[in-house]
Amino acid sequence: MIPRRLALRVRAWRFRAHRAEFYRDLAEMFQRRESLMGFFEGEIANATRTRQRAREAAMRVMLDRYRSGQDAGRIGWLLEGLVPTGDTLMLIGVDRADDKARALRSLADAVDTQRTMVSVVLGYAAFPLVMLPLCYVLIDVLSEVILAIDRSTPVYVRSELWTGANGWARDLAVALQSHGLPVVLLLGTVAVAVVCSLPRWRGRMRLTVEGWPVYGLYRDFQSGLLFSSLAMLLSNGCTLRAALEDLAMGSSTWLRWHLTRVLRALDDNPNRTIEAFSRGILSPYMLARASTLERTAPAFSDVLVELGTRESGRVLQGVRRAALVANVAVVGLLVALCAFLGLSTLTVPGRFSALMEPATLMSLKQAHEARAARSGNAAHR
């Protein structure tokens, strides 16, 4: 029983990856005025013939639900559990829409837009995941090179060798070799804590960090998803308040908190919608763009539809910009350390060679012995 359930879960996950195509097929069904029973039976036969196991399994679940007679005509119930929660909420708008074919196509476009945003974020996230281990290994190797030079340097030469930037590099190498692993573990713990806090942390302090690189990326990413969902619901007859309430139901703690703040602001000032959305859920760039569109839009709902459809390129550009800033912030420090230590491994050997010249070495040794003698005389007194 367990393996069968696991297989169904895997096939449902694979079906989700191609659900936009299914939404368009379903829209075509409504446009042709085909019955749901005939559509499911025909598509199951097609999926069996073409060996699309995930689509076939999902279609069989929908057909069983349709035959049960319970809410048989409600698309949201037929697809419940087979698609992400965000889609389920937007399917409420499909069930409410008079033109279901148009609503389903809008939903498919929203899914494609959201998938593009997810791909952008994951693509930028892959760079730090690859670079961080490489930077750690490189820093460890460079630190060991500097400390190896220090160990081979005579005592009376060290004070001359480790001056200026070379001295900073040696101190940094000593610290990294002594406390490198605890620091890495601490940074890893902090990174996990930050990631876990993204969808959960809310409150006044969260507002103060919304512009920080990682938190700014999360805000812009979630705003982009919100725009595409709102555009789908609003363009198919849903009111702004109803759309916000529906989306808040299945949202993360952070997004639900922001949407609740927007709804409260609309309760206080129903005609000042732009101010309700300016309380932290939008980046300054997107807020400025929304203000520009509002000047000529009949209603703010039209602004949100514009941002979620025709302005999706700008939204995606904002997400990409935030992802780049987050990348620089996360990787920049380690890259800077690598560059500094790498430059030191070039300058330290040159300085070491110059100090190890016989004449210079003899002079430094005599100066060292003279200082030791003076220190000994002072101790006897």
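The values are calculated or read from the model by the stated rules, or taken from the named source; none is laboratory data. It should be emphasised that the depicted structure is a prediction, and the values quoted were computed from it without experimental measurement. We place every Cβ from the backbone using ideal geometry, glycine too, and count neighbours over all the protein chains shown. To get the accessible areas, we keep the full protein, side chains included, count just its heavy atoms, and leave off ligands, DNA and RNA. Shrake-Rupley method; radii C 1.70, N 1.55, O 1.52, S 1.80 Å.
What to note about this one:
- Every test in (1) open to solvent by 60 Å² or more (accessible area, probe 1.4 Å); (2) more than 19 Å from Phe227 (Cβ to Cβ); (3) in contact with a helix residue (DSSP H, G or I) (Cβ under 8 Å, 6 or more places away or on another chain) is passed by Asp109 save one, and that test is (2).
- Scanning region 186-208 for residues that are of a type in the set (Lys, Arg) and either without any contact (Cβ under 8 Å) to a residue 40 or more places away in the chain or assigned to a helix (DSSP H, G or I) (or both) yields Arg204, Arg206.
- Note on region 209-275: enclosed helices (runs of 4 or more DSSP H) holding 1 or more residues that are out of contact with any Lys or Arg (no Cβ under 7 Å at 6 or more places or on another chain) and in contact (Cβ under 8 Å) with a residue 60 or more places away in the chain are 213-234, 240-249.
- From the list Arg151, Arg219, Arg206, Arg202, the one residue that fits, being in contact with an Asp or Glu (Cβ under 7 Å, 6 or more places away or on another chain) and among the basic types (Lys, Arg), is Arg219.
- Any chance Ile44 is at pLDDT below 90, more than 32 Å from the chain's Cα centre (by Cα), at negative phi and hydrophobic (A, V, I, L, M, F, W, C): no
- Taken together, Ala17, Ala12 contain a single residue that is over 19 Å from Arg65 (Cβ atoms), at pLDDT below 90 and under 29 Å from the mean Cα position of the chain (by Cα), which is Ala17.
- Number of positions in region 33-60 that are closer than 26 Å to Asp99 by Cβ and either open to solvent by less than 20 Å² (accessible area, probe 1.4 Å) or part of a helix (DSSP H, G or I) (or both): 12
- Within region 79-100, the set of residues being in a helix (DSSP H, G or I), touching a residue at least 40 places away in the same chain (Cβ under 8 Å), crowded, with 18+ Cβ neighbours inside 10 Å and more than 24 Å from the chain's Cα centre (by Cα) comprises Ile92, Gly93, Val94, Lys100.
- Every residue from region 292-313 that is closer than 19 Å to Ala231 by Cβ and exposed (fewer than 15 other Cβ atoms within 10 Å of the Cβ): Thr292, Thr296, Pro298, Ala299, Arg310, Gly313
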